[in-house]
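**Q** Quick one: the structure is below, and I'll ask about it shortly.
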Amino acid sequence: MARTQQLVFSTAVHSLKGVNIVSSSIARTFHPRPHPTGPRPYLRALVLHLMVPLGLTLGVLSSHAPTATSAEPPEVRLEIRTSQAISIRVYVAGFGTLGAGGLGRYSADFEKIVESDLRFSGFFEVARAPAGDLNAFLDSFKTKVGSKEEVLVEGRVSAEDDKIVFEGRLYDIASRKTIMNKRYKFVERALRKAAHRFSDEIVLQLTGERGIASTSVAFVSNASGAKEVHVMDYDGYGGKQITMEKSICLSPHWSPDGQRVVYTSYSSGNPDLHVVGRYGGKPYTLSAYRGLNSSPAWAPDGKKIALTLTKDGNAEIYVMNTDGSGLRRLTSHPAIDSSPSWSPSGRQIAFTSDRSGSPQVYLMEADGSNVRRLTFAGSYNDSPAWSPKGDRIVYASRMGNNFEVFVVDIAGVSPIQLTSGKGNNENPNWSPDGRQIVFSSTRDGKRDIYLMSADGSNARRLTTRGENFNPSWSPRTGEE
């Protein structure tokens, strides 16, 4: 396979909450071979509403980094020149330790998280490198002819200044070149954040797009006794309750910068919109019109919020500024209009309406004009969510006595059923890269949050305690 070698020297400085990272690596552009690619219903929601009155530093792995002639540290980039799925096999070597004992559990945890992140990304074929001499393992590829790009991930853990240090390397097996070196210094509680960040950097180097391992999912849970908003890592770990309303909270939705969550709260006795920081704190009231203030959706540019209000007697969709000013009504119809979802461009809004006689998904321009029906199959379609690329909409549809997750293109052609089996599957929401979907399901007897690939495969459960629903996936941000 033809290779294009490109050396670029630069330094990237990133910032996380309590984390400062400086990254260095070797730039190499190569062209991988293409690989064949193979909610709750809104009316019930309205009834419910109306019935219920590291200090991290990163540098170069000196023991692995090749000698550079430039004074500036290099940066690795992978250039993808195909829209098809790439074909890369990633070998994960056993992460080791350096120095004092007692570090083995940290290296094992780091390794487990990274391997899981890479497998779940859906980009790679992940394999374990055999234990023992890595040089012998690499030598075995000298005469091997294959159709896949093959890379190796290795790392080691040490201690420094009462903190944990992880040094990791991404290595191209065929060229024997180091693609990326990373060094993370962190306290124990930040290990998962550092591991997710390392995984995302690997995905970035090998695909040109940052991974989603550092993102979060907001959702509603009654694990504390009341329905509160919680946030967890994308893989279900690190859960934290961020509201203390001691009431009912519903329909959380992230701001585009990933720093705030807007949701409906009944703490005042009326279903109002509140906003809270991603790490919790005191919320503030955004919208408190008489009646329902529900299903908020932040616009992609962060300047407006679409929502459902019943202040004029009927459920209609409105848009307001993020400080609550500039309220403007978008729909005006005797039917119930609810569940707005912005297109990635911010120029259109998907929503649910029963103006045809049954709940269906509709589209309109962001100013409320050009309303047209999107779904025709199914007698009850709700909870639309626009994909990050703007080409598909996922939603929940009633099939017999249960709700299932469907996806359809924006022309409304050929809806595809993604879930099946017992229980209700609702509240679908996309990952920032459009490759995964998070949703709530009662397939195991109670409502929990699940994750699946965008084609409906590889479903896995994320929550276990209490009843959990209304998931919303955070965007990728600079802090992530």
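**Q** Residues V153, V157, V229: which one is under 24 Å from T463 (Cβ atoms), outside any loop (DSSP other than H, G, I, E, B) and touching a strand residue (DSSP E or B) at 6+ places or on another chain (Cβ under 6 Å)?
**A** Among V153, V157, V229, only V229 is under 24 Å from T463 (Cβ atoms), outside any loop (DSSP other than H, G, I, E, B) and touching a strand residue (DSSP E or B) at 6+ places or on another chain (Cβ under 6 Å).
**Q** For the stretch 298-345, which positions are of a type in the set (A, V, I, L, M), closer than 19 Å to P384 by Cα and out of contact with any helix residue (DSSP H, G or I) (no Cβ under 7 Å at 6 or more places or on another chain)?
**A** If the condition is that a residue be of a type in the set (A, V, I, L, M), closer than 19 Å to P384 by Cα and out of contact with any helix residue (DSSP H, G or I) (no Cβ under 7 Å at 6 or more places or on another chain), then A299, I305, A306, L307, L309, I317, V319, L330, A335 are the ones that fit.
**Q** If P252 passes every condition in (1) at negative phi; (2) in contact with a strand residue (DSSP E or B) (Cβ under 7 Å, 6 or more places away or on another chain); (3) part of a loop (DSSP other than H, G, I, E, B) but one, which one does it miss?
**A** Here P252 clears every test but (3).
**Q** Oh, and also: Is it fair to say A218 is part of a helix (DSSP H, G or I), open to solvent by less than 10 Å² (accessible area, probe 1.4 Å) and at pLDDT 95 or above?
**A** Judged against the criteria, A218 is not a match.
**Q** How many of the residues making up the stretch 168-177 are open to solvent by 10 Å² or more (accessible area, probe 1.4 Å) and assigned to a strand (DSSP E or B)?
**A** The number of residues fulfilling the criteria is 3.
**Q** In addition: All but one of (1) open to solvent by less than 60 Å² (accessible area, probe 1.4 Å); (2) outside any loop (DSSP other than H, G, I, E, B); (3) not polar (S, T, N, Q) hold for G258, so report the exception by its number.
**A** (2)
**Q** Can I ask one more? Within the stretch 285-318, track down each residue that is touching a Phe, Trp or Tyr at 6+ places or on another chain (Cβ under 8 Å), assigned to a loop (DSSP other than H, G, I, E, B) and open to solvent by less than 10 Å² (accessible area, probe 1.4 Å).
**A** A299, the sole residue that qualifies.
**Q** Tell me the strands (runs of 3 or more DSSP E) entirely within the stretch 350-441 that contain at least 1 residues that are open to solvent by less than 50 Å² (accessible area, probe 1.4 Å) and closer than 17 Å to S472 by Cα.
**A** 381-386, 392-399, 402-409, 425-430, 436-441
**Q** Another question, if that's okay. Among the residues in the stretch 170-180, are any among the aliphatic types (A, V, I, L, M) and over 21 Å from V203 (Cα atoms)?
**A** Among the residues of the stretch 170-180, not one is among the aliphatic types (A, V, I, L, M) and over 21 Å from V203 (Cα atoms), which makes the answer no.
**Q** Checking the structure you have, find out if any residue of the stretch 325-342 is part of a strand (DSSP E or B), in contact with a His (Cβ under 7 Å, 6 or more places away or on another chain) and either over 21 Å from M364 (Cα atoms) or of a type in the set (A, V, I, L, M, F, W, C) (or both).
**A** Scanning the stretch 325-342 turns up no residue that is part of a strand (DSSP E or B), in contact with a His (Cβ under 7 Å, 6 or more places away or on another chain) and either over 21 Å from M364 (Cα atoms) or of a type in the set (A, V, I, L, M, F, W, C) (or both).
**Q** Any residue at all in the stretch 380-396 that's out of contact with any Pro (no Cβ under 8 Å at 6 or more places or on another chain) and modelled with pLDDT under 95?
**A** So far as the stretch 380-396 goes, no, none of its residues is out of contact with any Pro (no Cβ under 8 Å at 6 or more places or on another chain) and modelled with pLDDT under 95.
**Q** Could you go through the stretch 134-144 and let me know if any residue there is in contact with a helix residue (DSSP H, G or I) (Cβ under 9 Å, 6 or more places away or on another chain) and either at pLDDT below 95 or not in a strand (DSSP E or B) (or both).
**A** No, every residue in the stretch 134-144 fails to be in contact with a helix residue (DSSP H, G or I) (Cβ under 9 Å, 6 or more places away or on another chain) and either at pLDDT below 95 or not in a strand (DSSP E or B) (or both).
**Q** Moving on. Please verify whether the stretch 188-207 includes one or more residues that are part of a loop (DSSP other than H, G, I, E, B), open to solvent by 10 Å² or more (accessible area, probe 1.4 Å) and of a type outside the set (S, T, Y).
**A** no
**Q** Let me ask something else about it. Residue under question is F110, and the condition is that it be closer than 19 Å to I212 by Cα and of a type outside the set (K, R); does it hold?
**A** Yes: the conditions hold for F110.
**Q** Right, here's the next one. If you take the residues of the stretch 433-480 that are more than 13 Å from the chain's Cα centre (by Cα) and of a type in the set (D, E), which of them is nearest to K227 (Cα to Cα)?
**A** Top of the filtered list is E467.
**Q** Take the residues of the stretch 121-153 that are within 28 Å of the chain's Cα centre (by Cα) and open to solvent by 30 Å² or more (accessible area, probe 1.4 Å): which is nearest to V90 (Cα to Cα)?
**A** By that ranking, first place goes to E125.
**Q** Which residue is nearest to T264 (Cα to Cα), if the candidates are limited to the stretch 176-235 and must be of a type in the set (V, I, T) and in contact with a helix residue (DSSP H, G or I) (Cβ under 6 Å, 6 or more places away or on another chain)? Break it down into steps so the answer makes sense when it comes.
**A** Going through the stretch 176-235, the residues of a type in the set (V, I, T) turn out to be 178-179, 187, 202-203, 207, 212, 215, 217, 220, 229, 231.
Checking the rest, the ones that are also in contact with a helix residue (DSSP H, G or I) (Cβ under 6 Å, 6 or more places away or on another chain) come to 179, 203.
Values: I179: 46, V203: 35 Å.
If we take residues in the stretch 176-235 being of a type in the set (V, I, T) and in contact with a helix residue (DSSP H, G or I) (Cβ under 6 Å, 6 or more places away or on another chain), then V203 is nearest to T264 (Cα to Cα).
The values are calculated or read from the model by the stated rules, or taken from the named source; none is laboratory data. A quick note: this is a predicted structure, and the numbers were derived from the prediction, not measured. Because the Cβ atoms are built from the backbone with ideal geometry, glycine has one as well, and the counts that use them run over all protein chains shown. Only protein heavy atoms, including side chains, enter the accessible area calculation; ligands, DNA and RNA are left aside. Shrake-Rupley method; radii C 1.70, N 1.55, O 1.52, S 1.80 Å.
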